[in-house]
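Peer 1: Before we start, here is the structure in question, set down as structure tokens.
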Amino acid sequence: MSGFAELSASDRMEYESTLKRFGLTVDNLNYKGTLSTQDFGDKLVLSADPSISAIEPTIVPYNSLAELKAMIGRADSDYTDGPFSDRLLDYPAPLDRDRVHALMATRNECDFDYQVTRDELHALYRAAQAYIMGNSQKLKTHEPILNKRFGTGSVAVLAVEALVVKAGHPVIFAPDPNDPNKILCPNFTSVTVENGGQIIVSTKIQMTTTTFTAAD
């Protein structure tokens, strides 16, 4: 297990770079030291909902899908300049122009969801996922309507040093009941899963760690 001070120079830079994507620094850690699941009773619950999370997250807002991409997605240059290929990503075709015009005229998210068809909404979800994780330049024509539906919100960030998962004391990444689509973004300097330890994920999560060690 490694706290921030014990990391190599390259790992410290990687950890700081991850926090910087959310506008945070190591001075903004939600928990310093080693977070052991056995110190929280029978389980450790981490959530975007501060009322049920053992560690209170930092809520970071975004005002466009491009801002969300900068936080949790891949840079377009990963594909245009290498080393990644996006040939397996799904880039949906644009919606019909008249339908886009009608949906852009909706008053709010509830009105949008009332007016959009199930197939259209599914296509927009696919396009938003591809925008964030793929080359967003291939979806520039989608950008206005993607921002209309998905462009504002927030993510819940947990900036923690070492996490140790003990047998019989699982860590559970749980959803926010009031906002089940909110993405939880735990960032650890290291994660160690001891023999019999369990990680249970029941929410949307984007977890990063500089090292991950699991018992054989």
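Peer 1: Charges at C-beta only: +1 for Lys and Arg, -1 for Asp and Glu. How large is the resulting dipole of the range 64-151 about its Cα centre, in Debye rounded to 20? Please report the intermediate quantities before stating the final value.
Peer 2: Numbers: 12 positive and 14 negative charges, 10 e Å.
So the magnitude is around 40 debye.
Peer 1: Give me the mean projected area, in nm² to one decimal, of the convex hull enclosing the Cα positions of the chain. Please list the in-between numbers first.
Peer 2: On the way: hull surface 54.5 nm².
Projected over every direction and averaged, the Cα hull of the chain covers 13.6 nm².
Peer 1: Output the 0 to 90 degree angle, nearest 10, between the alpha-carbon long axis of helix 9-20 and the longest principal axis computed from the alpha carbons of the chain.
Peer 2: With rounding to tens, the tilt is 40 degrees.
Peer 1: Once Lys and Arg get +1 and Asp and Glu get -1 on their Cβ, which of Q206, V116, N147 lies farthest toward the positive end of the dipole of the chain?
Peer 2: The listed residue farthest towards the positive side: V116.
Peer 1: Further, regarding this structure: With charges only on Cβ, +1 for K and R and -1 for D and E, what is the dipole size of the range 4-99 about its Cα centre, in debye, rounded to 20? It would help to have the intermediate numbers written out before the result.
Peer 2: On the way: 10 positive and 17 negative charges, 22 e Å.
Here the size comes out at about 100 debye.
Peer 1: For the pair D81 and Y125, how long in nm is the line joining their label points, each one 7 Å along Cα→Cβ?
Peer 2: 3.4 nm
Peer 1: If you don't mind, another one. Can you list the lysines whose alpha carbon sits under 20 Å from that of K32, skipping same-chain ones fewer than 8 residues off?
Peer 2: Qualifying lysines at Cα under 20 Å: K20, K43, K166.
Peer 1: Starting from the Cα of K138, draw a straight line to each of the aspartates and glutamates and keep only those under 12 Å, dropping any in the same chain fewer than 8 residues away.
Peer 2: Counting by Cα, and skipping residues close in sequence, K138 has these aspartates and glutamates nearby: D76, D86, D90.
Peer 1: Helix-derived [θ] at 222 nm for the chain: sum -39500 (n - 2.57) over DSSP H runs of at least 4, divide by residue count, nearest 500? Before the final figure, lay out the partial values.
Peer 2: Details: 7 runs with 63 residues, N = 216.
About -8000 deg cm²/dmol.
Peer 1: If you don't mind, there's one more thing I want to ask. Put +1 on the Cβ of each Lys and Arg and -1 on the Cβ of each Asp and Glu in the chain; which of N178, A93, S53 then has its Cα farthest toward the positive end of the dipole?
Peer 2: My answer, from the dipole projection, is A93.
Peer 1: Grab the Cα-Cα distance for I200 and R118, subtract it from 0.36 nm times how many residues apart they are, and report the gain in nm with one decimal. Let's see the in-between values first.
Peer 2: On the way: separation 82, 0.36 × 82 = 29.52 nm, distance 3.00 nm.
Gain on stretching I200 to R118: 26.5 nm.
Peer 1: Enumerate the amide H contacts of L44 below 5 Å, restricted to partners 5 or more residues apart or on another chain; note that Pro and chain-start residues carry no placed amide H.
Peer 2: V171, I172
Peer 1: Please give every one of the lysines within straight-line cross-link reach of K140, meaning a C-alpha to C-alpha distance under 17 Å, and leave out same-chain neighbours fewer than 8 residues apart.
Peer 2: Leaving aside lysines fewer than 8 places away in the same chain, those within reach of K140 are K69, K148.
Peer 1: Given 0.36 nm per residue, what is the gain on full extension from I59 to R21 after removing their alpha carbon distance, in nm? Working shown, then result.
Peer 2: Working: separation 38, 0.36 × 38 = 13.68 nm, distance 1.33 nm.
Fully extending the segment from I59 to R21 adds 12.3 nm.
Peer 1: By average Cβ neighbour count within 10 Å, what is the ranking of 6-17, 169-180 from highest down? Working shown, then result.
Peer 2: Numbers: 6-17: 13.8, 169-180: 17.2.
By packing density, highest mean first, the sequence is 169-180, 6-17.
Peer 1: Length gain on complete extension for the stretch T141 to M13, per 0.36 nm per residue less the alpha carbon to alpha carbon distance?
Peer 2: Working: separation 128, 0.36 × 128 = 46.08 nm, distance 3.57 nm.
That pair, T141 and M13, stretches by 42.5 nm at full extension.
Peer 1: Continuing with this model, one more query. Which residues does the label zone of R99 cover in the range 122-140, counting backbone N under 15 Å from a point 7 Å along Cα→Cβ?
Peer 2: Those under the cut-off are 122-128.
Peer 1: Nearest 0.05, what FRET efficiency do R74 and T106 give at R0 = 35 Å with Cβ-Cβ as r?
Peer 2: On the way: r = 30 Å, r/R0 = 0.85.
Step by step, r from the Cβ atoms, then E = 0.70.
None of the figures in this text is laboratory data; all of them are computed from the coordinates on show. The structure presented is a predicted model; accordingly, all values stated were derived computationally and were not measured. Note: ideal-geometry Cβ built from the backbone for every residue, glycine included; neighbour counts use all protein chains shown.
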